[in-house]
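Here's the structure, in C-alpha cells; my notes come after.
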Amino acid sequence: MMTMSFTNTTTTSASSSQLASSQRITMRGGQASNNLVKMRAQHAFARENRRHASSLVVCAGTGKFVVGGNWKCNGTKDSIDKLCASLNSGKITADVEVICAPPMVYIDRVQSKLKAPYQIAAQNCWVSKGGAFTGEVSAEMLKDANIPWVILGHSERRSLCGETNEFVGLKTKYALDTGVKVVACIGESLAQREAGDTLNVCFAQLKAIVDCVTEKDWENIIIAYEPVWAIGTGKVATPDQAQEVHAGVRKWMSENVSPDVASKVRIQYGGSVNAGNCDELATKPDIDGFLVGGASLDGEAFVKICNSAAHSK
Ligand code: PEP
C-alpha cells in the first residue's frame, strides 16, 4: 500500500540533470549502439519536462498494487493448462491484486482453472451493444460470462487495428456502464518521445477517456502507461523514466479530474517488465503495478512480478 504525499517537486524531481540521467533507454539484445538516438530522446524528454515542470506536484498513488498479465494471441489448450497449473502452484505472498487476460477463446477454460487471487480480463471488447459486428465480443457478453475486467486501448490495437483515442474513450465508457472494469492503456511511440511529445501524447489519450467518463467511473479504471518502444522489445524504461511519466500523468489527473481521483487511480507500468527488473520499478512511488506481456506467459516469472508488490512504497 502506498502513502499519499503532496510535495512541490519543482526542484527535487524535475531538475534537468536528473531528467537527463533518468532518460536513458535501457538497450538490451545488442542494440545499444545508437547513442545518437538515445541522446536525442534524452534531450527531447528533458525539454518537454522543463515545460511541464513549473508547478510539478507529486501525489503518490494510494491504491492497492495491481499486476496484469496480457497473454495476447498466444497459447494452445496444452500450454494454457500448464500456465494455469504453474500460476496456481506459485505463492503470491504480497498484498497485490492480480488480473490475467487470456485469449478470448480460452477465457472459459482459464476461468475454470485459475484459483484466487487470480481475476480474469478480456483483451478487448466492442464499443457498443452487440449485434451485427462480425468477430467482435460485446461488453454485455463479458458481463454475462462473469469476466470482470477488460483491457482497452492497448497500443497493438491502436496501431494495428486503427483504434483512435476517441474510440478508446467510447469503449471505456460503454464497458464501465455495462459493469466491466477497464485497464486503459496509454503510451508514446519512440518517435513521439524523441520529438518531446511523451506527456502530450499521454494526456491526449487520457483526455479522450476523461471526456467520456464520470469522476465516479475512475473507481473502476486502471491506467496502464506502456511506452510503445518498450513493449515486447526488451527495452524497459528505467525506473526513473517510468516514474517521471507516472508522476506527470497523476498531476494531469489531479488538474483535469480531481486530486482525490489522482491519488486513488492506479497507474501500471508496462513494457518489458520481467522477474529481474520488477523489484526496482516497484519501488517508485507513482508505479502502482505492472501490465506484463511476454513474462506473463511464464508462471514462475509472473508470480515473482506479482510479489514485487512487497517493494512498493
Ligand atoms: C504488453 O503488451 O502490454 C506488454 C507490456 O508487453 P511486454 O511485457 O512483452 O513488453
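The table below gives the values:
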| quantity | calculated |
| --- | --- |
| Segment 136-161, residues that are among the aliphatic types (A, V, I, L, M) and either more than 14 Å from the ligand (Cβ to nearest atom) or on the phi > 0 side of the Ramachandran plot (or both) | V137, A139, M141, L142, A145, I147 |
| In segment 277-299, the residues that are open to solvent by less than 50 Å² (accessible area, probe 1.4 Å) and either within 16 Å of S79 (Cα to Cα) or hydroxyl-bearing (S, T, Y) (or both) | T283, G293, A295, S296, G299 |
| Residues satisfying the stated conditions in segment 155-208, i.e. of a type in the set (A, V, I, L, M), over 18 Å from the mean Cα position of the chain (by Cα) and under 27 Å from G135 (Cα atoms) | L160, L170 |
| Condition check for V261: open to solvent by 20 Å² or more (accessible area, probe 1.4 Å), of a type in the set (A, V, I, L, M) and at pLDDT 95 or above | no |
| Residue, surrounded by the most Cβ atoms within 10 Å (Cβ to Cβ), within segment 266-276, restricted to residues that are farther than 12 Å from V236 by Cα and away from the ligand (no atom under 12 Å from the Cβ) | I267 |
| Scope segment 113-138; condition of a type outside the set (A, V, I, L, M, F, W, C) and in contact with a helix residue (DSSP H, G or I) (Cβ under 9 Å, 6 or more places away or on another chain); matching residues | K113, K115, P117, Y118, Q123, N124, S128, K129, G130, S138 |
| Residue tally, condition within 21 Å of D288 (Cβ to Cβ), basic (K, R) and in contact with a Phe, Trp or Tyr (Cβ under 7 Å, 6 or more places away or on another chain), over segment 168-220 | 1 |
| Of all residues in segment 122-135 being among the small types (G, A, S) and more than 19 Å from the chain's Cα centre (by Cα), the one that is nearest to the ligand (Cβ to nearest atom) | G135 |
| Members of segment 209-258 that are open to solvent by 30 Å² or more (accessible area, probe 1.4 Å), within 15 Å of the ligand (Cβ to nearest atom) and farther than 19 Å from G68 by Cβ | K235 |
| C185 surrounded by fewer than 18 Cβ atoms within 10 Å (Cβ to Cβ) and within 16 Å of the ligand (Cβ to nearest atom) | no |
| Residue satisfying condition, being among the hydrophobic types (A, V, I, L, M, F, W, C), modelled with pLDDT of 95 or more and either within 14 Å of the ligand (Cβ to nearest atom) or crowded, with 23+ Cβ neighbours inside 10 Å (or both), within set F203, F302 | F302 |
| Unique match (being within 19 Å of A195 (Cα to Cα) and of a type in the set (V, I, T)) among V213, V249, V257 | V249 |
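The values are calculated or read from the model by the stated rules, or taken from the named source; none is laboratory data. Computed from a predicted structure; not experimentally measured. Heads up, the Cβs are rebuilt from the backbone with ideal geometry, glycines too, and the neighbour counts pull from every protein chain shown. Protein only, heavy atoms only, side chains kept; ligands, DNA and RNA dropped before computing areas. Shrake-Rupley method; radii C 1.70, N 1.55, O 1.52, S 1.80 Å.
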